[in-house]
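Reviewing the structure listed below.
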Amino acid sequence: MTPTALRRDGSFEGGRALIVDDNATNLLLMTALLSAWGVETTTASSGDEALAAIDRGRFDVAIVDMVMPGMDGLELATRLHERLSEMATILASSVPRHDVANDPRWEGAGIGAVIVKPIKASGLHGALAIVLDQQAGAEETPGEAGGLLDPQLAERHPLRILVTEDNVVNQRLALRLLEKLGYRADVAANGLEALQAVDRQRYDLVLMDVQMPEMDGVEATRHIIERSTDGERPWIVAMTAEVMRGDREGFLAAGMNDYVAKPIRPQELVAAITRTPSRGRVNEAAGAEVARPAVDPSVLARLAESMGGDDAFVAELIEQFMTDSPALVKAARHGLEAGDADEVRRAAHTLKSNAATFGANELADRSSRLETAAKAGTLDDGLARIEAIADELERVHAALRSS
């Protein structure tokens, strides 16, 4: 294992990655993305296959799915770390980092970064840059900042934080500063990803870069406000390299609550955090189902763009999804009939992840609710939930065939 996997030009050319996921669609997607970046890939569909792979070859990084039958991602990561402590590990999870990190196995797993599914090119690229740069011995945050950062701040002022920033260096700086304050934050690489993250998870604070591709911070803020009630919308702090006279008024007019200048100064970040209202954890109420398109065409367009316009490969991914998804519904039914809530949960989890990849948001939401019910062991209405998923899946298949 060498620390040269992250080259001086910031590329990953010549790196070697082990991808572990029982979901064939995710394996195809991550293999294509990594190959496009010059990374040699080996895939495994289970923990046992992954352990056998590291006995045969050497890798710079392992990308491990959290939810797999038999050996889950944290158990596998722990065993990989015990054998190869110098190998970087990225965990792919459908829940944010701070939720996964509450698992008592987290400390011994050697996880360098967490990417939230569905897998996005920008999120995967950013995670690779972070873990491979750490592996190469990246410099710490400048020492003079150390005395300004109180590691107990998160305990006194708990917040769920989302960092929205397209620049990987700025992402790393913000995350490092927050970690030194005791916070574990999630990352979105642009405004669109921020919207998706806020839809999945309730945040207290969003640190929002103003200038980003695809959707800038001001537009993303307006959309977040439109989608949120007054009691649920996050506190949004603008991050910008240029704070001119009148900018603050402009940010406030757009609905932002505060701002910090870039490059981020520790004392300004601490001040912005302390001005953020702390709402703590609030139980999420199940929302009423709202009619919406079976597939969001903008998600398919971004997927094709991330593949360099390779429509043939996107069609292959869609075909894989359409082949696998009926079997997942069948597995959920079988689990329900057999009284096996874990089988129901696994099938719903995989279907949720795949649906989100293609912008089938209603299908993803219905699958997510079934997964949550299976986790809680409350499957009295499980059959109705599965039938609703099957009905929505037919809509999704029809939409994908005509896309």
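Run down Ala355, Ala388, Ala360, Ala347 and say which single residue is open to solvent by less than 50 Å² (accessible area, probe 1.4 Å), under 22 Å from the mean Cα position of the chain (by Cα) and over 22 Å from Leu124 (Cα atoms). Lay out the reasoning, then the answer.
Working: Ala355 fails: over 22 Å from Leu124 (Cα atoms); Ala388 fails: under 22 Å from the mean Cα position of the chain (by Cα); Ala360 fails: over 22 Å from Leu124 (Cα atoms).
The conditions single out Ala347.
What is the number of the single condition among (1) among the hydrophobic types (A, V, I, L, M, F, W, C); (2) part of a loop (DSSP other than H, G, I, E, B); (3) in contact with a strand residue (DSSP E or B) (Cβ under 6 Å, 6 or more places away or on another chain) that Ala174 does not meet?
All conditions pass for Ala174, except number (2).
Only one residue in Glu343, Glu371, Glu337 is out of contact with any helix residue (DSSP H, G or I) (no Cβ under 8 Å at 6 or more places or on another chain) and either of a type in the set (A, V, I, L, M, F, W, C) or in a helix (DSSP H, G or I) (or both), so which one is that?
Glu337
Within the range 366-375, can one find any residue that is open to solvent by 30 Å² or more (accessible area, probe 1.4 Å), within 30 Å of Ala36 (Cβ to Cβ) and out of contact with any Cys (no Cβ under 6 Å at 6 or more places or on another chain)? Before the answer, list the steps.
Let us first name the residues in the range 366-375 that are open to solvent by 30 Å² or more (accessible area, probe 1.4 Å), namely 366, 368-369, 372, 375.
Checking which are within 30 Å of Ala36 (Cβ to Cβ) leaves us with 368.
The next check asks that each one be out of contact with any Cys (no Cβ under 6 Å at 6 or more places or on another chain); those that pass are 368.
Yes.
Mind checking whether some residue in the range 75-94 is in contact (Cβ under 8 Å) with a residue 12 or more places away in the chain, more than 21 Å from Ala53 (Cα to Cα) and under 17 Å from the mean Cα position of the chain (by Cα)?
yes
Across the range 11-40, what is the number of residues that are within 25 Å of Ser325 (Cα to Cα), free of Cβ contacts under 8 Å to residues at least 60 places away in the same chain and not hydrophobic (A, V, I, L, M, F, W, C)?
The total comes to 1.
Out of (1) in contact with a Lys or Arg (Cβ under 8 Å, 6 or more places away or on another chain); (2) open to solvent by 10 Å² or more (accessible area, probe 1.4 Å); (3) among the aromatic types (Phe, Trp, Tyr), what's the single condition that is false for Phe59?
(2)
So, Gly15, is that one surrounded by fewer than 16 Cβ atoms within 10 Å (Cβ to Cβ) and of a type outside the set (D, E, K, R) or not?
Details: surrounded by fewer than 16 Cβ atoms within 10 Å (Cβ to Cβ): no; of a type outside the set (D, E, K, R): yes.
Spelling it out, it is not the case that Gly15 is surrounded by fewer than 16 Cβ atoms within 10 Å (Cβ to Cβ) and of a type outside the set (D, E, K, R).
When you scan the range 339-360, how many residues do you find that are within 16 Å of Arg302 (Cβ to Cβ) and hydrophobic (A, V, I, L, M, F, W, C)?
Of the residues in the range 339-360, 4 are within 16 Å of Arg302 (Cβ to Cβ) and hydrophobic (A, V, I, L, M, F, W, C).
Name the residues in the range 349-368 that are modelled with pLDDT of 90 or more and more than 19 Å from Gln320 (Cβ to Cβ), would you?
Listed by number, the list holds a single entry, Arg366.
In the range 185-209, what residues are out of contact with any strand residue (DSSP E or B) (no Cβ under 8 Å at 6 or more places or on another chain) and either open to solvent by 20 Å² or more (accessible area, probe 1.4 Å) or over 14 Å from Pro118 (Cα atoms) (or both)?
Residues satisfying the conditions are Leu192, Asp199, Arg202.
The values are calculated or read from the model by the stated rules, or taken from the named source; none is laboratory data. Remember, predicted model here, so these are calculated numbers, not experimental data. Neighbour counts are summed over all protein chains in view; Cβ atoms, including those assigned to glycine, are modelled from backbone coordinates with ideal geometry. Areas reflect the complete protein model, heavy atoms only, side chains present, ligands, DNA and RNA absent. Shrake-Rupley method; radii C 1.70, N 1.55, O 1.52, S 1.80 Å.
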